[in-house]
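Student: This is the structure, below, for whatever I ask next.
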Amino acid sequence: MAKLSMKERYAALTRDLDWDFDYVDSKEVFPYTTFEGIKIHDWSKWEDPFRLTVDSYFKYQAEKDRRLYAVLDSFAQSQGHLSLHEARYLNAMKLFLQGVTPLEYAAHRHFAFLARFLDSGGPRFAALCQSIDELRHAQTEIHTLSNYNKYYSGFHSWPKMHDRVWYLSVPKSFFDDAISSGPFEFLTAISFSFEYLLTNLLFVPFMSGASFNGDLPTMTFGFSAQSDESRHMTLGLESIRFLLEQDPDNVPIVQGWIDKWFWRSYRVTALVAGMMDYMLPRKVMSWKEAFELYFEEQMMGSLFKDLAYYGIRPPAHVGDAIAEKEHLSHQVYWTLYSFSFAAAFTTTVPDPAELEWLSQTYPESFDKLYRPRWERAAEITEGGGRFFFQGLPQLCQVCQIPMLFTEPGDPTTICQRHSNFNGENFDFCSDGCKSIFDKEPEKYIQAWLPVHQIFQGNCGGPSVPEVLDWYGIQEGDNAEYLGSKDNLNWLSWHDDSAK
Ligand code: FE
Ligand code: ZN
């Protein structure tokens with residue numbers, strides 16, 4: 001017998017269970033891949049870009065895990081947490097554990113679903129690998145950050161918080177929206193828009209933030225996940241190309257999903273913008289610089305030029321996102337600062353060096369619009385007070401972020417949009433969110449909006465302490481950083497005069 005080529009050998013290794021059905025209709029086996037209107041003529045055109053086998057996959061992943069857990073052990077044993085740049089940095093990691101780690105787990109679950117329900121062996125195996133990757137990400141993130149839970153506030157009840165706390169319903173509702181759509185929309189939402197378009201704006205800032213601020217374990221986890229990410233991004237691009245090449249009727253459907261999921265994903269990164277410019281004591285790069293480099297140059301400049309070949313144009317509302325880059329992080333972090341009495345992290349006024357950095361990085365907006373707010377907040381703090389917003393904000397019905405964004409081109413007017421559906425009024429933060437609602441109002445009227453839920457009496461009770469208790473927020477988790485439990489511990493651990 002002639003020796004098999006690599007490609008044939010791989011096919012023989014991976015396709016034996018991809019049998020044809022003779023006594024069941026394949027529509028019964030794969031019931032979910034037709035209702036979205038996507039037409040697939042030839043599933044075999046789906047290429048596996050990586051040609052992984054189960055054996056090589058597990059060998060490679062196990063090696064990465066061994067390295068990560070060696071770092072975690074030595075960091076824990078040597079009290080590595082004391083060599084962080086500052087305890088305040090960990091607020092970014094609390095946001096990560098509460099907001100992003102549960103998304104990894106949700107991704108694990110839904111890729112496992114796709115590993116069963118996509119029609120063909122290639123995409124099923126790619127979905128299976130990604131499902132296992134995402135489970136590994138969730139586990140390694142939990143293990144990596146669990147060490148800090150021994151010494152710092154805010155790391156304890158993150159799965160409960162993810163389900164209940166107002167700012168975490170932003171990422172949670174995003175993923176719930178994706179999971180409750182069809183399989184091809186999910187792939188466009190998560191594998192393409194979220195992973196491919198926005199990984200550089202979500203994952204990289206947290207991991208470089210870790211490395212700049214002395215968090216060796218998180219940095220090591222980041223490297224260990226990054227090689228998976230490149231596989232995930234390739235899956236995203238491969239699925240989009242496959243859909244577009246299979247039938248011209250798929251193009252407008254995919255375009256609609258790209259429009260929707262760009263805006264949905266972009267709104268989730270608003271939290272990252274605030275984190276990058278304000279929560280990291282040592283800055284990596286500003287939100288604006290990251291957005292220009294990764295989104296405007298790499299995505300708009302090259303990816304969407306390639307996709308134009310298939311008749312795909314850049315996502316709707318891209319212009320609004322670009323117009324917002326001078327303002328986004330300041331508006332978001334001011335809101336987090338004003339409401340952090342109800343958050344599982346602490347906030348504080350940027351120190352003078354940070355204010356200077358913000359002035360230089362945002363010359364067109366910061367001194368004029370945002371510095372005066374911080375100076376006023378600092379005055380209040382120096383006088384022994386602390387500014388917190390009293391009352392509950394109006395939330396956007398789609399992205400669930402408090403309506404804090406301003407009109408494109410007019411940073412002094414809050415942007416508000418409204419739609420009427422079945423006699424009821426719904427509010428939105430932007431044209432992007434309104435147009436998502438208007439296409440599927442039946443879906444978004446069901447949104448679990450944290451503020452509305454509090455008013456309806458579903459969140460522990462009518463008073464702030466009752467709601468915080470229901471959230472799982474404990475003394476020391478929330479409010480102002482200066483004078484907080486973490487801040488005081490940190491000072492005493494680093495106070496040489498006391499020794
Ligand atoms: Fe992941
Ligand atoms: Zn919105």
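Student: Expressed in nm to one decimal, what extension gain is obtained for the pair LYS443 and ALA353 from 0.36 nm per residue of sequence separation less their Cα-Cα distance? Provide the component values of the computation, followed by the final result.
Tutor: Working: separation 90, 0.36 × 90 = 32.40 nm, distance 4.58 nm.
Contour length minus the Cα-Cα distance gives 27.8 nm.
Student: Now for a different question. I need THR381, THR413, THR218 ordered by Cβ neighbour count within 10 Å, fewest first.
Tutor: Going from least to most buried by this count: THR413, THR381, THR218.
Student: If you fit an axis through the alpha-carbon atoms of helix 352-361 and take the longest principal axis of the Cα set of the chain, what angle between them do you get, 0 to 90°, nearest 10?
Tutor: 50 degrees
Student: Arranged by the count of other C-beta atoms within 10 angstrom, fewest first, what order do TRP493, TRP166 take?
Tutor: Least to most surrounded, the residues fall as TRP493, TRP166.
Student: Determine, from the Cβ-Cβ distance of GLU292 and GLN77 and an R0 of 51 Å, the FRET efficiency 1/(1 + (r/R0)^6), rounded to the nearest 0.05. Numbers along the way, then the final one.
Tutor: Details: r = 42 Å, r/R0 = 0.82.
After rounding to 0.05, the efficiency reads 0.75.
Student: Next question. When the label point is put 7 Å from the Cα of ARG51 along its Cα-to-beta-carbon vector, which residues of segment 3-34 have a backbone N closer than 11 Å?
Tutor: Correct set: 5-11.
Student: Okay, moving on. Can you tell me the dipole magnitude for segment 52-498 around its Cα centre, using point charges on the Cβ only (Lys, Arg +1; Asp, Glu -1), in Debye to the nearest 20?
Tutor: 600 debye
Student: Between ASP410 and TYR10, how many nm apart are label points set 7 Å from Cα along the C-beta direction?
Tutor: So the two model labels end up 5.6 nm from each other.
Student: By how many nm would the segment from LYS305 to LYS150 grow when fully extended, if each residue of separation counts as 0.36 nm and the alpha-carbon distance is taken off? Don't skip to the end; give the middle numbers.
Tutor: Numbers: separation 155, 0.36 × 155 = 55.80 nm, distance 4.89 nm.
Going from the current span to full extension adds 50.9 nm.
Student: Moving on. For segment 65-176, what is the per residue volume of the convex hull drawn over the alpha-carbon atoms, in cubic angstrom? Intermediate values should be presented prior to the final figure.
Tutor: Numbers: hull volume 12.3 nm³, N = 112.
Dividing the Cα hull volume of segment 65-176 by its residue count gives 109 Å³.
Student: Pairs LYS150/LYS288; LYS94/LYS288; LYS59/LYS260; LYS94/LYS305: which are spaced more than 27 Å apart, C-alpha to C-alpha? Walk me through the numbers before you get to the answer.
Tutor: Details: LYS150/LYS288 35 Å; LYS94/LYS288 23 Å; LYS59/LYS260 38 Å; LYS94/LYS305 37 Å.
Pairs exceeding the cut-off: LYS150/LYS288; LYS59/LYS260; LYS94/LYS305.
Student: Which of the aspartates and glutamates could be linked to LYS172 by a straight reach, that is with a Cα gap under 18 Å, when you skip same-chain ones fewer than 8 residues away?
Tutor: Correct list for LYS172: GLU104, GLU134, GLU141, ASP163, GLU185, GLU195.
Student: Hey, got the dipole for segment 77-150? About the Cα centre, +1 on K and R Cβ, -1 on D and E Cβ, debye to the nearest 20?
Tutor: The calculated dipole for segment 77-150 is roughly 140 debye.
Student: If you take the beta carbon distance between HIS418 and ALA2 as r and set R0 to 51 Å, what does 1/(1 + (r/R0)^6) give as a FRET efficiency, to the nearest 0.05? Don't skip to the answer; put the middle values down first.
Tutor: Working: r = 69 Å, r/R0 = 1.35.
With a Förster radius of 51 Å, E is 0.15.
Student: Give me CYS429, CYS129 sorted ascending by neighbouring Cβ count inside 10 Å, so fewest comes first.
Tutor: Values: CYS429 26, CYS129 22.
Ordered from fewest to most neighbouring Cβ atoms within 10 Å, CYS429, CYS129 come out as CYS129, CYS429.
Student: Next up: For a quick check: with amide H placed at 1.01 Å from N, whose amide H comes under 5 Å from THR406's, ignoring anything fewer than 5 positions away on the same chain?
Tutor: CYS415
Student: Is the C-alpha gyration tensor of segment 52-110 telling us rounded, prolate or oblate? Criteria: a/c under 1.5 is rounded; beyond that, a/b larger than b/c is prolate, otherwise oblate.
Tutor: Oblate.
Student: Over segment 1-147, what is the relative contact order in percent, taking alpha-carbon pairs closer than 8 angstrom and at least six residues apart?
Tutor: Values: 78 pairs, mean separation 43.7, N = 147.
Averaging sequence separation for qualifying contacts and normalising by length gives 30 percent for segment 1-147.
Student: Separate question: Relative contact order for segment 52-498 using alpha-carbon pairs under 8 Å, separation at least 6, rounded to a whole percent?
Tutor: 18 percent
Student: Another question, if that's okay. Taking only the alpha carbons of segment 52-498, what extent do you get along each of the three principal axes, in Å, biggest first?
Tutor: Principal-axis extents of the Cα atoms in segment 52-498, largest first: 69, 56, 45 Å.
Student: Please tell me the relative contact order of segment 66-184 in percent, rounded to the nearest whole number, where contacts are Cα pairs under 8 Å and at least six residues apart.
Tutor: Numbers: 87 pairs, mean separation 34.5, N = 119.
That works out to 29 percent.
Just so you know, all these numbers are worked out from the coordinates, no wet-lab data involved. Please read all numbers here as calculations on a predicted model, not as lab measurements. No Cβ is skipped: glycine too gets one built from the backbone with ideal geometry, and neighbour counts run over all protein chains shown.
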